[in-house]
Amino acid sequence: LSPILSFTAEEAWRYQAAPQAPSVFLWDLPAPAARWTDAALAARWEKVLAVRTVVQKALEEARAAKVIGASLQARVVLTGSRETLAPLKGLDLPEVLIVSEASLDETGADLTVAVFQAAGAKCPRCWRWQSDIGSNPSQPELCGRCARQL
């Protein structure tokens, strides 16, 4: 809590644990337990983040070419080999890539990213471009996903 309640945390630190460090802001967090380390998961996310970097570059190029205005206006199609795209399977790709729609195409050899304008209209709650705006009569201005949340 020290970044949020700095003065209160400092006072509590002096009262409770002053001999360990002179200030709560000078105290180091303990190292995580080795059993929490998952090398396979870390390797997978390293690959996912590498693909995300490529997608972000393609989004910037599409933005410069006036294909999209913001990343949430984009529909992204990732084409590549099965091995390249395997780490992305099972993920909520629009959330990871910060786009409205994303799909995988395993017909290519090298990773390529195609960026298009997403279909539909912009949802005022999530800002994603969705085709199902107004599908819920009780929330006619929202997309189906947002309407289910209310």
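The values are calculated or read from the model by the stated rules, or taken from the named source; none is laboratory data. Not measured: the values here are computed from a predicted model. Cβ atoms come from the backbone with ideal geometry, glycine included; neighbour counts cover every protein chain shown. The area values use the complete protein model at the heavy-atom level, side chains included, leaving out ligands, DNA and RNA. Shrake-Rupley method; radii C 1.70, N 1.55, O 1.52, S 1.80 Å.
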Single residue of Val96, Val51 found to be in contact (Cβ under 8 Å) with a residue 60 or more places away in the chain and either assigned to a helix (DSSP H, G or I) or of a type in the set (Ser, Thr, Tyr) (or both): Val51
Cβ-Cβ under 8 Å, sequence separation 6+ or interchain: first residue in segment 123-134 and in contact (Cβ under 8 Å) with a residue 24 or more places away in the chain, partner among the hydroxyl-bearing types (Ser, Thr, Tyr). Which pairs? Arg128/Ser100; Trp129/Ser100; Gln130/Ser100
Test set (1) of a type in the set (Lys, Arg); (2) closer than 22 Å to Ala121 by Cα; (3) assigned to a helix (DSSP H, G or I) - Arg35 fails condition number: (2)
Does Val96 count as farther than 24 Å from Cys146 by Cα, within 15 Å of the chain's Cα centre (by Cα) and open to solvent by less than 60 Å² (accessible area, probe 1.4 Å)? no
Determine whether segment 56-64 contains at least one residue that is over 16 Å from the mean Cα position of the chain (by Cα) and more than 29 Å from Cys146 (Cβ to Cβ). yes
Subset of segment 66-80, residues under 16 Å from Gly120 (Cβ atoms) and either hydroxyl-bearing (Ser, Thr, Tyr) or within 16 Å of the chain's Cα centre (by Cα) (or both), comes to Ala70, Ser71, Leu72, Gln73, Ala74, Arg75, Val76
Selection within segment 94-110 - within 19 Å of Val67 (Cβ to Cβ) and hydrophobic (A, V, I, L, M, F, W, C): Leu97, Ile98, Val99, Ala102
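Residue by residue, here is whether (1) free of Cβ contacts under 8 Å to residues at least 40 places away in the same chain; (2) open to solvent by less than 50 Å² (accessible area, probe 1.4 Å); (3) at positive phi holds:
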site: Pro30; (1), (2), (3): yes, no, no
site: Leu59; (1), (2), (3): no, yes, no
site: Gln73; (1), (2), (3): no, yes, no
site: Gly90; (1), (2), (3): yes, no, yes
site: Thr107; (1), (2), (3): yes, no, no
site: Asn136; (1), (2), (3): yes, yes, no
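Can you spot a residue in segment 9-25 that is open to solvent by 70 Å² or more (accessible area, probe 1.4 Å) and touching a helix residue (DSSP H, G or I) at 6+ places or on another chain (Cβ under 7 Å)? Break it down stepwise before answering.
From segment 9-25, those open to solvent by 70 Å² or more (accessible area, probe 1.4 Å) are 11, 14-16, 19-20, 22, 25; that's our starting set.
Those still in the list that are touching a helix residue (DSSP H, G or I) at 6+ places or on another chain (Cβ under 7 Å) too: none.
No: segment 9-25 contains no residue that is open to solvent by 70 Å² or more (accessible area, probe 1.4 Å) and touching a helix residue (DSSP H, G or I) at 6+ places or on another chain (Cβ under 7 Å).
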Condition first: under 30 Å from Glu83 (Cβ atoms), open to solvent by 80 Å² or more (accessible area, probe 1.4 Å) and free of Cβ contacts under 8 Å to residues at least 40 places away in the same chain. Can you find one or more residues in segment 110-117 that meet it? yes
